1. Fewest first, what order do His70, His179 take by the number of other Cβ atoms within 10 Å?
2. If contacts are Cα pairs under 8 angstrom and at least 6 residues apart, what is the relative contact order of the stretch 250-325 in percent?
3. I need the shape label for the stretch 36-158. Rule: rounded when a/c is under 1.5, else prolate if a/b > b/c, else oblate, with a, b, c from the alpha carbon gyration tensor.
4. Can you give the convex hull volume per residue for the Cα atoms of the stretch 145-221, as a whole number of Å³?
5. Give the share of C-alpha pairs in each 10 angstrom bin for the stretch 205-303, from 0 to the last occupied bin, in whole percents, shortest bins first.
6. Please give the helix 316-344 orientation as an angle from the longest Cα principal axis of the chain, in degrees from 0 to 90, rounded to the nearest 10.
7. How big is the chain along each principal axis, measuring the range of its Cα positions in Å and listing the largest first?
8. For each of Phe121, Phe303, Phe186, count neighbouring Cβ atoms within 10 Å of the residue's Cβ, then give the residues from fewest to most.
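Just so it is clear, none of the values below were taken in a lab; they were calculated from the coordinates. All values reported here derive from a predicted model rather than from experimental measurement. For neighbour counting, all protein chains shown are included, and Cβ atoms are generated from backbone atoms with ideal geometry for every residue, glycine included.
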Amino acid sequence: MQKQDPYAALRFKEFNIFLLVRFFLVFGWSMQFLVIEWQVYQMTKDPMSLAYIGLAEAIPAVSMALLAGHIVDQREKRNLLLICIALFSIISLGLFLLTWPEIIADWSQNTVLLCIYILVFFGGLLRSFFGPTIFSLVSLIVPKKLYPNAATWNSSTWQLANVLGKTFAGFSIYWIGVHFSLCVVFAMVVLSFGLLLLIPKKPIMNPKIGESIKESLKEGINFVRNEPSILGAITLDMIAVLFGGAVALLPIFAADILDVGSLGYGFLSAATSVGTILTMLITAYIPITKNAGMKLLAAIFGFGVCIIIFGLSSIFWISLLALFFSGVTDGVSMVIRQTILQLKTPDEMRGRVSAVNSMFVGSSNELGAFESGVAAKLMGAATAVVFGGTMTLITVITTGIVSPSFRKLDLTKDMEAHQDEE
């Protein structure tokens, strides 16, 4: 095997443009999510209001995921992503107008909340298209032999944008308020749209254009079901995110448990992603394909331990460190999972496989937010987080015992096969 070049994918101009597009888009999306969560909790002081945000986005994201995957595999990817970003800019503009001080003052609280949930719902609808489209577009920009390296930089860019978006959201609420913070979100989305125009249209790799939706979806589902490495990775990550996510309850921890306000909220929100970014940058230099199954199990187990520590802590710096190291372990998990998907998925099925992945993992963020909100309402925020971390540990242990083939998963041969194709 040739010596690994950590910057191989970055030597392609289109891939760099793509990373900029994704950076500004995710920056805006992450910032918007936290600003809206803060606004809604300040209006209601009710954990269930945060649960409803997650549910409003998860319902359309899950229900439309498979259809979105079919459409992505049948359409040209660059233009489809342009349409998605344009529609998302309308949602961002709507939230900006909805938080206008005059509207907040003149409209009833229930009316404002309802409008927020409706816009979040349509954002979830768009999210079902974003994941499969972006996943498919990457494979059309870089050669197959660079998929693992591209997955590392792609995930690192996502996390960098996520951490900066979340960090800036907390500071921005503190400096300029919710309303103008959402104006910044709108500007980020418009900028990503303009950059995407610099990437030319790409060929459609699916030879079965015009295939019926039923047959197309059946083929995609059967592929994932019959590929143990993909099914195991996304199932394991789904459970971890569903039960181990503490992000949805951060407004409660920042305001009521740790008493650090919007500024501390920004630091807490960013801590996870900071750890993830550092880990991902390291994996660009250190291959993670060898013994990938055991590494993934160990990473998610460590994630669950960190979440439990965060739930038990009432000291700010301990909570901050717990979230940071949860990001470190999550970074390893994300890179391995993305590498598995890129190496194991045929080009003509990337949209559908990514759609299944988004149903399992992507939407579990929103369902996790709902689960966390309900659990916090029933048993308190701290207990809910500890419960979620415990469920994550149980899931990892169970998977390791019942699936020895997943424990032995190694991607080295797959990596070598793609290099030989080139």
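1. His179, His70
2. RCO, the stretch 250-325: 38 percent.
3. Judged from the Cα gyration tensor, the stretch 36-158 comes out prolate (a/c at least 1.5, a/b above b/c).
4. So the per-residue hull volume is 188 Å³.
5. The distribution over the stretch 205-303 is 12, 27, 27, 22, 10, 2, given as percents.
6. 30 degrees
7. Result for the chain: principal-axis Cα extents of 62, 44, 40 Å.
8. Phe121, Phe186, Phe303
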